[in-house]
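The values are calculated or read from the model by the stated rules, or taken from the named source; none is laboratory data. Note that the coordinates shown come from a computational prediction; the quantities given were computed from them, not determined experimentally. All Cβ positions, glycine included, derive from the backbone under ideal geometry; neighbour counts span all protein chains shown. Protein only, heavy atoms only, side chains kept; ligands, DNA and RNA dropped before computing areas. Shrake-Rupley method; radii C 1.70, N 1.55, O 1.52, S 1.80 Å.
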Amino acid sequence: MSRFKGIYWRTFTVTVGMVALTLVLLGASFFSLTYSYIMTEKRSELKDRAEIIAQMALEAYVRPQSYNAHRENIRSMLDVAELMSDTDFLIWVPSEGEFMGTDTSMHNQQLQLPVSMWEKLSKGEVYMGVSTLGYYEKPRAIVAVPARSEGLVEIGPVLAVAEPNAMTEMWRAFLGIFGMTAITVLLIAFVATATTTMQQTKPIRDMASASRKFAEGNFDARVMNTGREDEIGELIESFNAMADSLQKTEQQRREFIANISHELKTPMTTIAGYADGILDGVISPEEERQYLSIISDESRRLSRLVRRMLDVSQLQSLDLIKQKKPFDLSESMRRVLVSMEKKITNRGLDVDVEIPEDPVIVLGDNDLLTQVVYNLLENAAKFASQGSTLFLGLEKAGSKAVVTVRNAGLTIPPEELPLLFERFHKSDRSRSADKDGVGLGLYIVRTILEQHHEKITATSEDGVTTFSFTVQLAEEAGKP
């Protein structure tokens with residue numbers, strides 16, 4: 001994948017593009033509004049100044065003075081106006097038929113006033129526009145106010161002429177400030193977007209790298225979480241949890257292969273060795289029956305191992321939601337006890353039973369939960385001390401039924417208790433006491449209960465080992 005097609009560049013481009021577009025639209029609106037506002041204010045200022053000049057010229061002209069004095073008064077006034085403003089003023093003096101202005105070079109020049117100006121002025125309205133007046137090289141902003149009169153004297157119209165540069169100076173200053181601000185904002189957006197996007201995409205790249213390592217068989221890879229508490233942090237935690245689960249599954253798979261290889265190799269080696277001994281004549285005819293009996297026992301043990309493995313595989317693929325039905329757990333436990341009577345008697349064990357006379361209706365798969373009770377009771381009888389007492393109990397606790405199986409024998413070390421429900425786990429004492437075991441009975445128990453979303457606990461103290469598990473009561477299943 002091209003680096004420019006990744007999430008980083010797409011997010012970076014979209015974010016920066018949106019910021020830039022926002023600045024362009026905001027800038028266009030700002031420039032348009034400020035330009036219009038400044039031009040309006042400037043023209044209003046020119047209009048006010050032109051009206052003041054017209055009024056002052058009229059007052060200077062109507063004074064009872066000589067002709068030259070009138071001209072000098074107007075000239076002096078124009079000179080003052082020129083010093084106080086960057087605007088040129090032109091005053092039409094009807095009695096002289098010419099314009100007098102602050103720009104003396106325009107004296108006796110034939111100015112070309114726009115027709116629209118005369119139309120406005122003739123109506124007594126103020127004219128605002130742009131023109132060269134037939135004199136300036138470039139168009140200038142023109143504001144013309146109508147003539148003013150007092151008695152028989154009339155002065156005007158008065159024209160205020162300003163260069164466009166003077167009118168847009170403030171607008172350009174605003175433009176410069178806005179440009180600098182826009183550049184600063186864009187730079188901040190670049191840095192912030194690059195940093196944020198990098199923080200967002202780095203964990204994703206790390207997860208992709210870890211996934212490739214998983215595909216290569218390396219399940220030790222993890223994604224570092226720097227204390228993030230957002231969605232990315234949650235994704236990292238979930239990914240690492242998945243990695244832990246995959247690593248555990250891979251470890252269990254390897255242990256399973258190793259264990260199954262060991263469990264299959266032992267009986268197969270025994271069968272092959274004794275069969276070869278009989279065929280080669282190494283074993284005498286008198287001993288053949290004894291070794292054939294061993295071969296038969298090992299064959300049956302191999303068959304049980306394969307059958308148990310198939311049971312585990314089937315259990316893990318079951319959909320118990322459709323198979324759960326109400327049934328009487330107490331009756332199922334009594335049937336298990338009856339079926340175990342011979343094994344219990346052969347071991348010289350007594351049985352202490354605490355099962356209610358009334359039905360205890362639970363929700364689950366009858367056959368599978370009966371198998372759980374059978375496996376636990378068989379395991380308890382197998383490892384109970386000769387002549388001791390087995391305990392089988394059932395009671396209600398809230399919305400659950402609790403089944404307890406207890407025996408007296410050797411104490412299981414605390415560190416070994418969590419391993420009892422693992423596949424093919426057999427302690428040293430069980431190997432010596434139970435040659436026929438395959439180490440799957442308690443694993444099947446745990447698998448069935450997990451399928452029912454139930455739990456099982458095991459404790460062992462002072463030679464007393466207790467297994468307890470729960471089952472959902474049918475009458476409590478639909479309650480909140």
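Here's the yes/no breakdown for (1) surrounded by 17 or more Cβ atoms within 10 Å (Cβ to Cβ); (2) under 29 Å from V306 (Cβ atoms); (3) modelled with pLDDT of 80 or more:
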position	(1), (2), (3)
N407	yes, yes, yes
D436	no, yes, no
L449	yes, yes, yes
T457	no, no, yes
F469	yes, yes, yes
E476	no, no, no
task: Would you mind telling me which numbered condition in (1) within 27 Å of L440 (Cβ to Cβ); (2) among the acidic types (D, E); (3) modelled with pLDDT of 80 or more E288 fails?
output: (1)
query: Where residues in the range 206-243 are closer than 30 Å to L21 by Cα and not β-branched (V, I, T), which of them is farthest from the chain's Cα centre (by Cα)?
result: D230
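Results for (1) surrounded by fewer than 17 Cβ atoms within 10 Å (Cβ to Cβ); (2) under 25 Å from E450 (Cβ atoms); (3) without any contact (Cβ under 8 Å) to a residue 40 or more places away in the chain, shown as yes or no for each residue.
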| site | (1), (2), (3) |
| --- | --- |
| V336 | no, yes, no |
| L377 | no, yes, no |
| Q386 | yes, no, yes |
| S399 | yes, yes, no |
query: Cβ-Cβ below 7 Å, separation at least six or inter-chain, first residue in the range 190-208 and more than 16 Å from D230 (Cα to Cα), second in a helix (DSSP H, G or I): which pairs?
result: F190/V16; T193/F12; T193/T15; T193/V16; A194/F12; M207/F239
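Got a number for residues in the range 281-303 being within 19 Å of K265 (Cα to Cα) and surrounded by 13 or more Cβ atoms within 10 Å (Cβ to Cβ)?
The number of residues fulfilling the criteria is 9.
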message: Looking only at strands (runs of 3 or more DSSP E) that lie completely in the range 131-172, which have at least 3 residues being under 14 Å from M39 (Cβ atoms), at pLDDT 75 or above and open to solvent by less than 50 Å² (accessible area, probe 1.4 Å)?
response: 140-145
field: Selection from the range 350-363 of residues that are over 17 Å from T404 (Cβ atoms) and either assigned to a strand (DSSP E or B) or of a type in the set (G, A, S) (or both)
entry: I361, L363
query: Can you pull out the residues in the range 216-235 that are open to solvent by less than 90 Å² (accessible area, probe 1.4 Å) and part of a helix (DSSP H, G or I)?
result: I232, G233, L235
task: Can you give me the number of residues within the range 364-406 that are part of a loop (DSSP other than H, G, I, E, B), within 45 Å of the chain's Cα centre (by Cα) and more than 20 Å from T447 (Cβ to Cβ)?
output: 2
statement: The one condition T197 fails out of (1) part of a helix (DSSP H, G or I); (2) open to solvent by 60 Å² or more (accessible area, probe 1.4 Å); (3) of a type in the set (V, I, T) is (2)
field: Among residues of the range 28-46, those that are without any contact (Cβ under 8 Å) to a residue 12 or more places away in the chain and not small (G, A, S), counted
entry: 5
- line: Counted residues in the range 310-341 being under 19 Å from L440 (Cβ atoms) and either at pLDDT 85 or above or part of a loop (DSSP other than H, G, I, E, B) (or both) come to 4
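Given the residues M106, M84, M100, M117, which is the only one that is modelled with pLDDT under 70 and open to solvent by less than 20 Å² (accessible area, probe 1.4 Å)? Step through it out loud before you land on a result.
Details: M84 fails: open to solvent by less than 20 Å² (accessible area, probe 1.4 Å); M100 fails: modelled with pLDDT under 70; M117 fails: modelled with pLDDT under 70.
Residue meeting the stated conditions: M106.
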